[in-house]
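Some notes on the structure that comes next.
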Amino acid sequence: MRRRTFLQALNMGIASATLYAGSGHGMSLTDLLAENTDDKELSYHRIQDIAFSSVQLKYPRLVGKNARLDLHGYGPTVEICRIRTDKGAIGWASIRGSRQDAELLARTLQGKKVSDLFVCGFGTKDERHIAFDMALHDLAGVILQKPVYALLGREKPFITDYYSGMIYFDDLEPANKPAGIDRILEECQQDYTIGYRQFKLKIGRGHKWMPFNKGIQRDIEITKAVAKAFPHCDILVDGNNGFSVDQFIQYLQGINSVKLFWIEEPFHETVADYQKLKNYVQKEGMSTLLADGEADPNPALLRELFEKKLLDVHLTDIEGLGFTNWRRLMPELKKMGAQASPHAWGSLLKSYYTAHLAAGLGNTVTIEGVTSTSDDVDLSGYQIKDGKLIPPTTPGFGMALLKKIE
């Protein structure tokens, strides 16, 4: 997310160039004292160096097309930073924004107290340092020997549902001999075996990859087939803005026997289109959630949609908005009666960051899963049980960096 978008995103009640304006925020005296004790501990550590590298994450299978984009491949290379203090504490995480910008900024942080940059009850203090937002959370947790969710004030974590976000248009691959619907069912079975009990199906084949009528028919057939094969699992659908509102209602009419857990980004959001969809959903007695805010989010429009009760779930990316800003946004969503599920596609690291946000603050309806392995990161601390993602109790985000960084 660029700086302009970052500042726009703060329109939902989380705006300021210097993010932190002091302690309090309605905290109890006990919480305040605990926070001050933790922040004092952070003040004993100074930033000694910040190093940069990357880690490779590997998907268990090729991830194909969605309504707008071609093949998504076998897994990303994620740019990361490692922060070390003069007392030997180390935190690391993915970088928010560009590595080049972060490298230029890193030299200005050397020698600073960790408490100059980060406050436990709030997060990263200054918007200029938001590139290191995740890593500062991890570092604070390591220094204080607490999981990140405990920094958010929750000793016993909220445990949240976990959905597979990896079910793309793999029925269309390979191009010379498409696998068909059976391939989607095989992938759902793979994900069920991993532990997922919610499947998000990409739809919108008729936007770009098939003639519209054949594409929407395939969307309908796959949705029905997965619902029939996995009757005790939740079905989520994601259109990646590949429909008009009338086309999407046509899809809903085609799957009228299927109960959807949520509908995500069926079309680019407008008040008129979401009002029409909401009217249809209510008329048909559907209990599905409406989720949006991932692609090119317009914070002012999103706020209007939530205030008008036309949306239920806020999806802005966990890294795009930033962990600290999600900490500030969550109370605003609660006031509006809305829930969260920060976008995490692409990197399992983002899923795990979201697990701590949800564990500490609640109000998260489900977490996006991006099943991955890595030779560079120990991902084993997180567990999937009964379709829920359980974060580790180890310090920080609980992911040891296996790759040596000089």
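The values are calculated or read from the model by the stated rules, or taken from the named source; none is laboratory data. Predicted, not measured: the structure shown is a model, and the values here were computed from it. Note: ideal-geometry Cβ built from the backbone for every residue, glycine included; neighbour counts use all protein chains shown. Just the protein is used for accessible areas: all its heavy atoms, side chains included, with ligands, DNA and RNA removed. Shrake-Rupley method; radii C 1.70, N 1.55, O 1.52, S 1.80 Å.
What to note about this one:
- Along the axis of the charge dipole computed for the chain (Cβ charges of +1 for Lys and Arg, -1 for Asp and Glu, origin at the Cα centre), the listed residues I367, Q190, Q275 are led at the positive end by Q275.
- Computed magnitude of the charge dipole of the range 170-224 (debye, nearest 20; Cβ of K, R +1, Cβ of D, E -1): 240
- Within the range 160-202, backbone nitrogen closer than 13 Å to the virtual label 7 Å beyond the Cα of Q217 toward Cβ: none
- Among D170, D126, D101, the largest mean-square fluctuation in a Gaussian network model of the chain (Cα springs under 10 Å) belongs to D101.
- Computed magnitude of the charge dipole of the range 88-187 (debye, nearest 20; Cβ of K, R +1, Cβ of D, E -1): 740
- Dipole of the range 80-142 computed with +1 at Lys/Arg Cβ and -1 at Asp/Glu Cβ about the Cα centre; of I90, G121, A131, farthest Cα towards the positive end is I90.
- Nearest-20 debye value, the chain charge dipole, Cβ charges on Lys, Arg, Asp, Glu: 140
- Couplings for the range 55-68, taken from phi via the Karplus curve 6.51 cos²θ - 1.76 cosθ + 1.60 with θ = phi - 60°, read 10, 9, 10, 10, 7, x, 7, 5, 9, x, 7, 10, 4, 10 Hz in order; Gly and Pro are left as x.
- Result for the chain in a Gaussian network model with C-alpha springs under 10 Å: among H72, H232, H45, the largest mean-square fluctuation is at H232.
- Residue of P76, P174, P299 that the Gaussian network model of the chain assigns the largest fluctuation, springs spanning Cα pairs under 10 Å: P174
- Added length on full extension, which subtracts the Cα-Cα distance from 0.36 nm per residue, D70 to E307: 81.8 nm
- Bridge type composition, the chain - antiparallel percent by DSSP, nearest 5: 55
- With Cα atoms, 0 to 90° folded angle of helix 29-43 axis to the chain main axis: 70
- Cα lying deepest toward the dipole's positive end in the chain, options L311, L236, G346, charges on Cβ: L311
- For a paramagnetic label modelled on K404 (point 7 Å from Cα along Cα→Cβ), amide N atoms under 20 Å away belong, within the range 69-90, to 80-85, 88-90.
- Set of aspartates and glutamates with alpha-carbon distance to K278 below 16 Å, sequence-local pairs under 8 removed: D246, E264, E265, E269, D292, E304, E307, D312
- 0 to 90° range, to nearest 10: angle between helix 245-254 axis and the chain longest Cα axis: 60
- Net length gained if the chain between H232 and K87 were fully extended (0.36 nm per residue, minus Cα distance): 47.1 nm
- Linear extension gain, I181 paired with K156, 0.36 nm per residue minus alpha-carbon span: 4.8 nm
- C-alpha long axis of helix 271-283 to longest principal axis of the chain, angle in °: 60
- Within the accessible area of the chain (1.4 Å probe), percent carbon and sulfur: 49
- Shown in residue order for the range 173-184 are the 3J(HN,Hα) couplings computed by the Karplus curve 6.51 cos²θ - 1.76 cosθ + 1.60 at θ = phi - 60°: 10, x, 4, 7, 7, x, 6, x, 4, 4, 5, 5 Hz (x for Gly and Pro).
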